[in-house]
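Undergrad: Have a look at the structure that comes next, please.
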Amino acid sequence: MNAERARTRRFAAQLRDLRTVACALPDALVLLDTEGRVCWCNPAAQRLLGIAWPRDRGLPVAEHFGEGEAGALLRMGEGDADDVPSPVDRAMRLQLSLIPYGDQRRLLIARDISRVTRLEQVRRDFVANVSHELRTPLTVIHGYLELLDPEDVPALAPVLGEMRAQSQRMRQIVEDLLELSRLEMQQHLAEERVEMAPMLETLRREAEALSQGRHGIEVEGEGDVDLLGSPKDLHSAFSNLVSNAVRYTPDGGAIRIHWRHTPTGAEYSVSDTGYGIPAEHLSRLTERFYRVSSSRSRATGGTGLGLSIVKHVLNLHGAQLRIESEPGKGSTFTCAFNQARLLGHET
Ligand code: ADP
């Protein structure tokens with residue numbers, strides 16, 4: 001009997017310990033019953049979510065969060081939501097995770113990520129401001145360099161040529177950074193019909209102009225399906241992939257631009273028979289300024305920002321970028337759009 005009492009006391013002490021730990025956590029923990037109502041929460045839940053225990057015992061949390069992304073997550077019953085406003089203070093940004101446990105019960109965890117979000121905003125503003133500040137002086141320098149005639153000072157002709165090329169390169173980097181900043185700050189997407197038949201024609205012309213007859217270029221597309229989104233941004237993403245294929249494929253190679261239906265939506269892809277990319281680089285290619293070979297990128301006028309732009313544009317359209325590549329054989333970059341982004345043609 002005594003042994004049993006001792007065991008019960010030990011369990012009770014362990015339970016108190018666990019609760020003390022949960023109460024000390026800086027993250028909000030809310031235990032929900034099978035109906036999504038509050039069973040228990042720690043003190044951080046009051047600060048982050050405005051849910052207090054025992055006051056809010058039985059509170060349906062989905063209703064507490066209302067219509068936004070957090071409410072949708074709670075109605076869905078499982079998953080994560082990043083960077084959502086706190087119901088206590090909209091300036092506080094939260095990361096939410098809803099985790100199933102036990103018999104259809106759920107644990108809601110909320111973390112205050114306001115500091116990270118603010119730093120991210122500072123970084124974005126800094127890049128946008130620096131790029132903007134550099135744009136005007138660069139345009140002036142570039143303009144004067146264009147006015148200078150190498151024939152007037154033949155001895156300086158090679159220097160002048162190099163200065164022009166470098167100032168053009170800087171201008172292109174600044175333009176790409178500004179484009180990335182614009183895409184990052186864009187909250188709402190233009191919801192326009194993006195006609196794919198003329199788009200593919202434009203891309204073919206661009207590929208031919210860049211290649212100057214050095215590659216075989218093939219374009220194949222099912223023109224009966226269009227996209228819904230921003231024509232300008234999608235063109236920018238698609239043509240970046242074409243430009244890369246031309247730049248990273250030696251003379252005599254082939255480039256194929258393809259637009260087709262798939263069981264889940266539609267795909268735009270660009271394949272080349274170029275240098276290819278070793279597997280260890282694939283996951284990092286869309287990072288800003290990440291290059292497999294800096295010399296090859298620079299020699300062909302690359303800024304190291306093209307694939308970051310592609311990734312941002314695709315994110316805005318809820319699409320995915322897939323990269324398949326074999327060194328020495330070639331690469332295929334595929335943009336996969338889901339059904340919701342497709343528009344058929346009226347018959
Ligand atoms: P860059 O301006 O350097 O081309 P990107 O962001 O467009 O920058 O591409 C990043 C890197 O990915 C490139 O520097 C190159 O090493 C590699 N890459 C991109 N496309 C291809 C391709 N089609 N074939 C081989 N390598 C590629």
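The values are calculated or read from the model by the stated rules, or taken from the named source; none is laboratory data. This is a predicted model, so every value here is computed, not measured. Neighbour counts are summed over all protein chains in view; Cβ atoms, including those assigned to glycine, are modelled from backbone coordinates with ideal geometry. Note: areas computed on protein heavy atoms with side chains; ligands, DNA, RNA excluded. Shrake-Rupley method; radii C 1.70, N 1.55, O 1.52, S 1.80 Å.
Undergrad: Take segment 50-81 and flag every residue that is among the charged types (D, E, K, R) and closer than 22 Å to Ala22 by Cα.
TA: Matches in segment 50-81: Arg55, Asp56, Arg57, Glu78, Asp80.
Undergrad: Which is touching a residue at least 12 places away in the same chain (Cβ under 8 Å) and in contact with an Asp or Glu (Cβ under 8 Å, 6 or more places away or on another chain), of Ile51, Ile99?
TA: Step by step, each of Ile51, Ile99 is checked, and only Ile99 is touching a residue at least 12 places away in the same chain (Cβ under 8 Å) and in contact with an Asp or Glu (Cβ under 8 Å, 6 or more places away or on another chain).
Undergrad: Only one residue in Glu151, Glu184, Glu201 is touching a residue at least 60 places away in the same chain (Cβ under 8 Å) and of a type outside the set (A, V, I, L, M). Which one? Step through it out loud before you land on a result.
TA: On the way: Glu151 fails: touching a residue at least 60 places away in the same chain (Cβ under 8 Å); Glu201 fails: touching a residue at least 60 places away in the same chain (Cβ under 8 Å).
So the residue among Glu151, Glu184, Glu201 that is touching a residue at least 60 places away in the same chain (Cβ under 8 Å) and of a type outside the set (A, V, I, L, M) is Glu184.
Undergrad: Let me ask something else about it. Kindly evaluate Leu107 against the criterion of being in contact (Cβ under 8 Å) with a residue 60 or more places away in the chain, open to solvent by less than 90 Å² (accessible area, probe 1.4 Å) and touching a Phe, Trp or Tyr at 6+ places or on another chain (Cβ under 6 Å).
TA: For Leu107, the condition - in contact (Cβ under 8 Å) with a residue 60 or more places away in the chain, open to solvent by less than 90 Å² (accessible area, probe 1.4 Å) and touching a Phe, Trp or Tyr at 6+ places or on another chain (Cβ under 6 Å) - is met.
Undergrad: If you don't mind, another one. Can you tell me which residues in segment 277-307 are more than 6 Å from the ligand (Cβ to nearest atom), on the phi > 0 side of the Ramachandran plot and among the small types (Gly, Ala, Ser)?
TA: Listed by number, the list holds a single entry, Gly301.
Undergrad: Among Val127, Val159, which is touching a helix residue (DSSP H, G or I) at 6+ places or on another chain (Cβ under 7 Å), among the β-branched types (Val, Ile, Thr), open to solvent by less than 90 Å² (accessible area, probe 1.4 Å) and modelled with pLDDT of 90 or more?
TA: Numbers: Val159 fails: touching a helix residue (DSSP H, G or I) at 6+ places or on another chain (Cβ under 7 Å).
Of the residues listed, the single one that is touching a helix residue (DSSP H, G or I) at 6+ places or on another chain (Cβ under 7 Å), among the β-branched types (Val, Ile, Thr), open to solvent by less than 90 Å² (accessible area, probe 1.4 Å) and modelled with pLDDT of 90 or more is Val127.
Undergrad: Across segment 110-135, what is the total count of residues that are within 18 Å of the chain's Cα centre (by Cα) and either in contact (Cβ under 8 Å) with a residue 24 or more places away in the chain or closer than 17 Å to Val88 by Cβ (or both)?
TA: 4
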